[in-house]
Every structure is written in structure tokens, then in C-alpha cells.
Amino acid sequence: STLPTEPSKMKLLTQCYLGIACAASFAAGFSAPGASSVQALLNANQEEIASLKTIAQSISNDAAVAPTNDVFYLRYALETSYENDDERTEALKSNIQWRLTDGKNIVTTAHQAVQAASSAENSK
């Protein structure tokens, strides 16, 4: 199979892979179904998201490794399978560590593709 080469299709593919399509839609000014409910969840979990983001960014200041996007951290805040906050934090640290090592090429390439697609779309 071949990957799409049009910037908008590459951007969508990359965003879906990273699980940030909704947040990117907010940033680009598009409305998405359920956008207000996602924003409500972001607002309700703002402190937890900020705490998780601080932990991730203390491990790496590379935006590809420790995303600046709040939706990335929202899934940790909402996940009910964690028995406590320590387990939640360890899951995040494990993910960031993978993104920093074994997954670095994947997340860096995806991050660059989103940046390039966003630049191309914004220059229209």
C-alpha cells in the first residue's frame, strides 16, 4: 500500500495515528462533532493535565516526545483502569520513555509531518 502524498491527507493520517485529530481541529479553527464536550473534559481535568504535562516535559522538552497538546494527556486523566495516580503517572512515564527511545523515530517523523502539513495548509 502507498501513503497519501497530499499534505492534507498526510496531516489527517498522521493526526489519526497520534490520536490528536480533535485537538488539531480546534487549533486550526474547525468545528468537530463533540468539540464542546471535549473542551468541557479538558476544562474539567485542567489541573491533572497540567500535572501530567509537567511530568512528561521534565523527561523531555522535545514536543515530539512530550507533546504540548492537552488532548494527549486527557486520555491519562480519563482512563479508569489505573488503580491510583501513581499508576497513571507510571503509565505516562513509560510512554514518554518509549517515545524518547524506541519510538523516537516514529514520533519525530509524525511530528514533522504534522508541522509540514500544517504549514502547507496555513499558507493557502
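Quantify, in whole percent, the carbon and sulfur part of the accessible surface of the range 47-124 (1.4 Å probe; protein heavy atoms only). Walk me through the intermediate numbers first.
Values: 2060 of 4530 Å².
Result for the range 47-124: 46 percent of the exposed heavy-atom area is carbon or sulfur.
Over the range 43-94, what is the mean sequence separation of C-alpha contacts under 8 Å (at least six apart), divided by residue count, expressed as relative contact order in percent?
On the way: 27 pairs, mean separation 21.7, N = 52.
Rounded, it is 42 percent for the range 43-94.
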The ³J(HN,Hα) series, computed from each phi in the range 110-124 with the Karplus coefficients 6.51, -1.76 and 1.60 at θ = phi - 60°, rounded to the nearest Hz and given as x for glycine or proline, is 5, 4, 5, 5, 5, 4, 5, 5, 5, 5, 5, 5, 6, 8, 6
Taking 108-118, 36-46 and ranking on average Cβ neighbours within 10 Å, highest first, one gets 108-118, 36-46
Gyration tensor on Cα atoms of the range 34-117, a ≥ b ≥ c root eigenvalues, a/c under 1.5 rounded, else prolate if a/b beats b/c, else oblate, says oblate
From highest to lowest solvent-accessible area (probe 1.4 Å; ligands, DNA and RNA excluded), Thr80, Thr101, Thr89 read Thr80, Thr101, Thr89
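The values are calculated or read from the model by the stated rules, or taken from the named source; none is laboratory data. In this text, all values refer to a predicted model and were calculated from it rather than measured experimentally. We place every Cβ from the backbone using ideal geometry, glycine too, and count neighbours over all the protein chains shown. All accessible areas refer to the heavy atoms of the entire protein, side chains included, with ligands and DNA or RNA removed. Shrake-Rupley method; radii C 1.70, N 1.55, O 1.52, S 1.80 Å.
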